[in-house]
Structure formats: C-alpha cells, structure tokens
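The block underneath contains the structure these notes are about, expressed in structure tokens.
Values quoted throughout were computed directly from the atomic coordinates according to the rules given, and no laboratory measurement underlies them. Source: prediction; values computed, not measured. Here the Cβ positions follow ideal geometry from the backbone for every residue, glycine too, while neighbour counts run over all protein chains shown.
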Amino acid sequence: MARPLFSPVLVLFLFSTVWAKPYPEVADQKERQALDQLALEIDGIILYSRPPNLNQGEKKWMIDTIRIGEWKAETLDEGMCGRWSPDGKRIAVLRSDDGIPGDEIVGEIWLVNADGSGEKYLSGGVKAFGMRGACPIDFHPNNKEILFIREDGGISSVDIRTARVRDLQLPGKFTEELQLTGNGKLLVGRWKGKGNWAMNRRMVVVDLATKIHRVYGAGCCPAVSPDGNWMTVNHDGHYRMSICNKDIKHRVSIKSRGTIYPQHGWHNWHWSNHNDYLALKSEVYSIRKYNGQPDGFIFKFSDRVATRITFGQEAEFPDLYVSRNKNNGRKILRSGGKSISIEAVNAKKYDLGKVFRTSGETKPDPGQPKQIPRIVVEATLEIVTPLSKKQARKFRDCLVENVYKVKKVLKGKLDYERIIIAHWVMHNRKYVTYSKKFKSGRTYRFEIEPWYLLPGLKSVAKKSVTLENADFIPRFFDAGLNDRLKRR
C-alpha cells in the first residue's frame, strides 16, 4: 500500500508549502509522468485480486482498489476475479472454500458495494480454470444479472434481485474470461474442445439472440470492446496481444516488449467500459531467470501505451471502471464512447487461418477454417430434410440440415461443390422457419458462416438435428436468414 510523499518547497513566499502527489514510492520519473498523463485523461477506479497478507491475518485472496490520480491501494473485501457493475456502484467477486486460485476451483458469486459494504450471496457452482484461476464471471450491461461459467462448462446467468439462475443454452464448453459488449448482444469467451492446443483454446464470439458463434482466434484472454468493434486474443506465449476487428479480417498485433518490463509477458486482461482502455497484468514465469512482480497496468489501445499502477503488488484479474472522459468532460456511455477505427490503429488485413499457426506452443491445426469469415454463394437445393411444423414444436431448439450444390461463389473462396446449411426450426420454443420454405431444385443466395467444410457430401440423415444430439452446431448457419434470402 503506497503512502503520500510530500516535500516543502520555498519559492517566492516564506513558509509556503507545496504537497507532491501521492505517487507510489518506487515509481521512477518516467512512470510518474505516465501516471500524471493518465490522470489527465480519465477518472476511474481499477480493482484487482491479490494474495493474502499473512502478517495482517488475512487467510484468503483479497480485492484491492486504486483510484486514478490518488494511486493508493485500498483493501475492499475477500474475493477473486472482481468485476465492476456497469454503473461502477457494485462489484461481483468469486469466492472459494480454500480461497486459492488453482488449476480448477469451484466457488460462489458474491456481490458487494464499491465501498465493500452490503455483501450478498448470489450463486454457487461457478468454475474457474487456469494457473491462477481464469476469470469465469462478468456483469451483464443491464445491471440486473451476472453471467458465470458452470462446472459443466455451460454459461448461466444469476438475477441480482431474486438470485434466480437461468441457463443461456449456448453451444460448446467455455473455460474463461466471459465479457459482453455494451449493448449486451455479443459475448466472447474461450471454448474447450477436443484435440491439440489450438482446439482447446478457441476464441469465440457469440450472438446471444441467435446463438450464432464464430471462431476468431486460438489462444487465451478473450475480451471485447464495449462497442463490439474489437476482440482480443493472447499469442506467442503471452508476449503478443492480437486485437481483431469485428470483420475478422483486420488485426493489430502488439508486443509486450516495449510496453511493460523487459522479458515480462502480459495476461488476464479485461476491456474496461471505455473503448480505449484495458486493464491487464504483467506475467512472470518462474522458470525464467529474472525478477519482478506481476504488477497491474492500464493499457491505452489507440496509443499502445501501458501504464503501471501497482508496484511490487501482484494484481490478478484487473478491471477498470472509467467514470469520466476528461478530454470532453463526459460520462462514459454503454457504447464505450468514441469508437476506434481500423485506420486509427493501422490495423492490417490477415488470413484467419494464420491465427491458428502463430504460436510456438503448438503445431498447425489442420482442422481449423482457412476461409474468410463470410462467404456469399448461389446454391441449388438438392436434398431437403423433411420436418413439419408440428414435429418441430416438440423441441426447444431445433435445426434441420439441407444439402445444396454450389452454383456460383459471389464473395469469398469456397473449394467444395456441395455444402450443408443448417436452418433453425425452433429457437427457445419459438417458431422460426421450416424446411418447406425451401424447394428442391430452386437456387437461393446465401451469406453463410463457415464452420466445418465437408467435402464429398452424399446425403444427410432425414431427421431433425437438435442441440442435444449434434456434435457441432451449426456447420453452416445464415444470420438473419429471412432478411437476406433471395430466390432467383
């Protein structure tokens, strides 16, 4: 915990005293200038988890906060994985019986006020993964519920007022770092699949309304800007942050070297409620011969500058709440303020397939998609999966798969003559569409999301494909099908 430094200064008037700002004692001149600059840009508070101070009688991990401009750590309450509420008035924390983040822990969600008062138990059965327990919780922007990863890898939401838990029924098993966009429509996280390193570290973005999911990288540390324009992934042994644009065709690659300590990586970052600022920690590997604590940093995306805000204090799962942008004097809206364009950060175009081949920790994964994210085709329907509206009503969620012969590729690249397109029939017990809408022998235009490209298709089983019995859903799925479908 830092203490204020002061020194009397005699200028023109005798007995006049000027008090210096409360910089951390070990901050050098350059770091003090960076702290001053940050305090000129934004108002806000950063929180983080730290190990217990045994000399002070602490037995479990604690949550500390630091107000920008004051730079003095204050202990808030017991817990790990602290996350700010959208209004900055409350904090969600994870608590476990042993209080130690390990490879796998199961804990509880508690809610506390920003000053540490008014704690409230919400739910158990929350699972965290990772060497230091990758964060499994995040506030919903509606300020009424908190999302968390369950023991089975699914995602649930707990209502803050009633403590009622509901299953979001998302495909796949998630392992870490849930984060929602400011409008609550998109969620990013890390999937746990089967197979090698890349298969187990898929970065996915999910549309919560349609349940459409897109793989945008392989690695760890998924995060998303409040406006939904940028998503992150950690590469090259945690020495490079890749920030991917929502089109999944442009990327900014930023190396940790030059922004934090030499030889340190960075990890466990979380995008703040401001489009331009992330909270992160430096990462120290015990197997490497150098010293230093995994301190907390605030990273400014547009300038690619990291400012250290803890000094010799481990700062796990940092989260920054920005209350005001001092450049324009405005509070930060849920959209995160001004969006950052591709041109502003000089983002480069790249091949999605390369995402899975950039880390030295794994060999290339041949099972990953190598096409651009969206492909527009004209295709003739060959095989219709019969499923009546009456049959569909038996399911909460149901897909049917039709086989199409590709006639013409209008956008993107597709090397296969036949494709499977999965169509929703029922979604959350609501009727969406049914296979009778599509007629065999007719040609349709689709904008498709590539999932698995299956060569040599012969037929498809004449039965419904439900969320319960499908391995991967969907193979192809058209977002907003009824709006974009055009028959020739």
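Taking θ as phi - 60° and the Karplus parameters 6.51, -1.76 and 1.60, the scalar couplings of segment 316-327 work out to 8, 6, x, 9, 10, 10, 9, 8, 8, 8, 6, 5 Hz in sequence order, x denoting glycine and proline. Farthest towards the positive end of the charge dipole of segment 147-242, among the residues Met241, Phe148, Gly228, is the Cα of Phe148, using unit charges on the Cβ of Lys, Arg, Asp and Glu. Put a dot 7 Å past the Cα of Arg393, heading toward its Cβ, do the same for Arg304, and the two dots end up 5.9 nm apart. A Förster radius of 45 Å combined with the Cβ-Cβ distance from Leu54 to Lys430 puts the calculated FRET efficiency at roughly 0.25.
Plainly put, segment 216-336 has a radius of gyration that is 0.97 times its Kirkwood radius, both from alpha-carbon atoms, as the Rg/Rh ratio. Note: relative contact order over segment 29-357, using C-alpha pairs below 8 Å and six or more positions apart, is 14 percent.
With the convex hull drawn around the C-alpha atoms of segment 29-357, the volume per residue stands at 135 Å³. Other residues within the sphere of radius under 15 Å centred on the Cβ of Lys185, judged by their own Cβ, net out at 0 (K and R +1, D and E -1). Of Lys349/Lys413; Lys407/Lys430; Lys120/Lys338; Lys413/Lys439, which sit over 24 Å apart, Cα to Cα? The answer is Lys407/Lys430; Lys120/Lys338; Lys413/Lys439. Of Ile100, Ile105, the sequence from fewest to most neighbouring Cβ atoms within 10 angstrom is Ile100, Ile105. For Ser117, neighbours were defined as the other residues whose beta-carbon sits under 14 Å from its Cβ, and their charges (Lys and Arg +1, Asp and Glu -1) total -2.
Listed values for segment 212-221 are Karplus-derived 3J(HN,Hα) couplings in whole Hz (6.51 cos²θ - 1.76 cosθ + 1.60, θ = phi - 60°), namely 6, 10, 10, 7, 10, x, 9, x, 8, 6, and x replaces Gly and Pro. Please state the shape class of segment 103-191: rounded when a/c is under 1.5, otherwise prolate if a/b exceeds b/c and oblate if not, all from the C-alpha gyration tensor. Cα axes put segment 103-191 in the oblate bin. Electrostatic bookkeeping for Pro318 treats Lys and Arg as +1 and Asp and Glu as -1; over the other residues with beta carbon under 11 Å from its beta carbon, the sum is -2.
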